[in-house]
Amino acid sequence: MGKQSSSLVYQVFQHRFPATSKRFFYFLPISLALTALLLIFIYTSTTANVTKTHSQSTLYLQTLPSLVNNIDQTSNLPIVPFEDNEDEDDNLFADPSRRQTSQWLLGNIFGLIDGNDTNNKEAYHDGDIFLQDYKQMNKSLKIYVYPHSKDDPFANVLLPPDTDCKGNYASELMFKKALMESHFVTKDPNEAHLFYMPFSISSMRSDPRIDVHGIPDFVQNYISNITLKYPYWNRTGGADHFYVACHSIGKIAFEKAFVARLNVIQLVCSSTYFPSSYLPHKDASMPQVWPRGGDPPNLLTSQRKRLAFFAGAVNSPVRIALLKVWENDTEIFAHFGRLHTPYSEQFLGSKFCIHVKGFEVNTARVADALFYGCVPIILANHYDLPFSDILNWKSFSVVVHHIDIPVLKKILQGISNEEFAMLQSNALRVRKHFQWHTPPIDFDAFHMSMYELWKRRSVVRVRLTPSMEFM
């Protein structure tokens with residue numbers, strides 16, 4: 001039976017496939033093998049130069065560990081201790097072959113790479129939708145602020161300041177002050193979309209009764225108190241509650257209230273994708289702003305003689321890398337320490353102003369750059385940039401990966417005069433969103449932050465009966 005079956009298959013094969021087809025099946029495996037070898041050869045040839053270029057472009061990285069120890073011997077610049085808490089993708093000593101293409105190469109400014117259809121000449125992702133939603137927010141959003149008296153022992157932490165807000169972390173206090181002077185506040189919890197816990201992280205940090213290490217205990221006790229006194233937290237587990245923090249120490253505020261941290265909306269300046277404590281779909285980014293007096297200046301591009309500028313402390317591997325490459329450059333002014341000239345002169349005299357990650361991804365340099373009409377360069381991986389779901393950051397800034405520090409000048413020199421004019425024009429257009437006012441005015445940093453909160457409000461609200469309100 002087996003012999004008959006084999007014979008039948010052979011006869012069918014002989015009948016259906018002529019001699020030329022038989023030769024085809026014989027040479028097919030050989031052809032495939034040769035094709036594979038050819039492709040491997042082409043791939044090896046084309047990637048050899050790229051690998052060589054990558055290794056040459058990161059020679060500076062190999063000397064950075066010794067630079068950290070020796071920089072204070074070769075310079076009078078202060079070194080601030082830091083901890084590198086980033087992963088391998090963000091590590092300056094990692095394999096540079098993994099770096100991404102800059103947005104300014106190969107026409108990516110117009111969204112021609114990576115399937116991005118966004119027109120990067122537009123400052124807003126969709127200005128019409130934003131304006132429509134903004135009007136609705138401005139008309140309907142209501143915030144209930146947990147009340148505290150001036151006699152409270154921690155009134156300095158819970159109430160808005162009576163004096164002008166100044167300094168690096170002013171945004172936190174400016175928000176509280178602007179909110180209390182706005183029409184968004186309601187005294188009726190039933191019409192509130194959100195509930196504001198008005199404790200100030202920066203005030204707690206400077207209060208010797210609390211100090212940095214006591215912040216988690218203060219927050220835990222605060223939540224316990226409002227949970228016992230009011231019914232609003234319990235009905236959502238805190239999902240319709242929010243707090244504001246501009247100092248990076250705010251990330252430890254909920255260390256002793258872990259479950260609450262998963263629900264509470266965080267409006268923070270140190271908005272980074274890297275730690276698990278920040279969730280972009282739940283939390284929101286707020287700009288860190290050092291309040292500058294007077295109206296923002298406008299200086300023509302032709303009067304900006306320097307290509308790029310940075311000044312600041314040496315407190316991160318990224319800043320050390322910037323120093324290693326560009327400290328002695330004539331076009332990129334990288335200064336570490338205090339300036340001997342007014343800060344504003346450098347901003348007004350430079351086309352690009354560099355924001356470099358320090359202890360955290362955020363600094364006030366982005367808002368400063370926009371205030372002085374200087375196009376920001378963002379050197380801060382994993383930074384959830386403020387209002388990035390509204391603003392098209394590629395239209396008014398240059399976002400550069402840490403690993404591209406050696407080619408920073410090439411990237412900036414590759415930007416044409418027309419492209420720079422577009423960037424600066426959009427920077428002047430959006431800078432109103434990075435300024436605080438008391439009382440607040442339309443489209444300023446306060447209203448933009450309120451818009452971010454409005455988008456994170458709960459669609460379903462539970463209305464409490466009078467008996468439930470006073471349980």
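Details
- Dividing the mean sequence gap of close Cα pairs (under 8 Å, 6+ apart) by how many residues region 127-287 holds gives a relative contact order of 20 percent.
- Measuring against 32 Å, Cα to Cα, the residue pairs 282/324; 176/324; 142/229; 142/351; 229/251; 166/187 contain 282/324; 176/324; 142/351 as the ones spanning a longer distance.
- Each principal axis of the Cα cloud of region 127-287 was evaluated for its coordinate range; sorted largest first, these ranges are 47, 36, 35 Å.
- Added length on full extension, which subtracts the Cα-Cα distance from 0.36 nm per residue, residue 236 to residue 150: 28.1 nm
- Inter-label distance, nm, simple model (7 Å from Cα along the C-beta direction), residue 339/residue 132: 4.3
- Surface analysis of region 127-287 yields an accessible area of 44 Å² per residue, using protein heavy atoms and a 1.4 Å probe.
- Cβ-derived FRET efficiency at R0 45 Å, residue 34 paired with residue 329, nearest 0.05: 0.30
- Projecting label points 7 angstrom from Cα along Cα→Cβ for residue 213 and residue 359 puts them 1.7 nm apart.
- Approximate spin-label separation residue 382-residue 186, in nm, with each point projected 7 Å along Cα-to-Cβ: 3.8
- Debye intensity ratio in log₁₀ form over the Cα atoms of region 200-332, taken at each q of 0.12, 0.17, 0.19, 0.22 Å⁻¹: -0.68, -1.01, -1.14, -1.33
- Computed FRET value (nearest 0.05) for residue 279 with residue 410, which takes r as the C-beta separation and R₀ as 30 Å: 0.25
The values are calculated or read from the model by the stated rules, or taken from the named source; none is laboratory data. Keep in mind it's a predicted model, so treat the numbers as computed, not measured. Note that each Cβ is placed from the backbone with ideal geometry, even for glycine, and that neighbours are counted across all protein chains shown. Surface accessibility is based on the protein's heavy atoms, side chains included, excluding ligands, DNA and RNA. Shrake-Rupley method; radii C 1.70, N 1.55, O 1.52, S 1.80 Å.
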